[in-house]
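Some notes on the structure that comes next.
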Amino acid sequence: MIFFLKYEKRTYISKYHNTKENNENFINLLINFLDKNNLKLHNIENIFVNQGPGNFSSIRTSISVAKGLKISSKLKLFGYNTFDLLGSTFYNKSLIILIHKEQNNFFIQEFDCNLKKNKNPKIIDLKKINIPKGKELLIFNYNKNKVPEFIKRKFLYIGKIHYKNLGFLYEKNLIIKKLIKPLYLS
């Protein structure tokens, strides 16, 4: 769980573990985040909510709180997904993005240049991945040393998400501006 705020050319960020306790205290963590940084809710104009993939309870909680804040504070609400945010750093490349789920299972999304999706996201075993010619592989949130040798030669590795790229996604019209929903994968 991450709170990221950009206000008057400054950025603020706080990270919390995705636990049941933190999900239950989400709104308190958000209020404490704002208080700690001397910010008020009325200073915020837009809320960007991650729609996944990820922990369903965390995503559901953040979407619910964001919708509540939108209604009560007249904020503008936008949705994005982790694949687009990770891919924004490599916008002009053809990519396959893997996000570690558990053990050898990964969420996977394939992109052509300019983050054009040509397949729906799914879950895949790392041993079953096929990397088409001309695609680069981006692996997120995984131990670099555990990557199989046949994949090591073909991937870009990124260690963190760049939330400042939300503005870039907004400019490229890759932010969802209608009613947001979680991204479901099966």
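Each reported figure results from applying straightforward, stated rules to the coordinates on display, with no laboratory input. Note that the structure is predicted; figures quoted are calculated from it, not measured. With ideal geometry, Cβ positions are generated from the backbone for all residues, glycine too; neighbour counts draw on all protein chains shown.
For the chain, the relative contact order works out to 20 percent when only alpha carbon pairs closer than 8 Å and six or more residues apart are counted. Checking every one of the GluC sites (Glu not before Pro) in the stretch 10-71 against DSSP loop status and a limit of 13 other Cβ atoms within 10 Å picks out E45. With 23 Å as the limit on Cα-Cα distance, the pairs of K101/K154; K40/K70; K74/K160; K36/K101; K15/K93; K9/K40 that go past it are K74/K160; K36/K101; K15/K93. When each of H162, H100, H17 is scored by the number of other beta-carbon atoms lying within 10 Å, the sequence from fewest to most is H17, H162, H100. Per-residue Cβ neighbour counts within 10 Å put Y16, Y157 in the sequence Y157, Y16, beginning with the fewest.
Given (i) 17.2, 52; (ii) 18.6, 62; (iii) 19.2, 71 as candidate values of Rg and Dmax of the Cα atoms in Å, which corresponds to the one derived from the coordinates? Among (i) 17.2, 52; (ii) 18.6, 62; (iii) 19.2, 71, the one calculated here is (i).
From its DSSP helices (H runs of at least four residues, each -39,500 (n - 2.57)), the chain gives a residue-normalised ellipticity at 222 nm of -7500 deg cm²/dmol. Simple rule: put +1 on each Lys or Arg Cβ and -1 on each Asp or Glu Cβ in the chain, find the dipole, and look at I99, T89, L166; the Cα lying farthest toward the positive end is T89. When you filter the trypsin sites (Lys or Arg not before Pro) in the stretch 65-94 for DSSP loop state and at most 14 other Cβ atoms inside 10 Å of their Cβ, you are left with K74.
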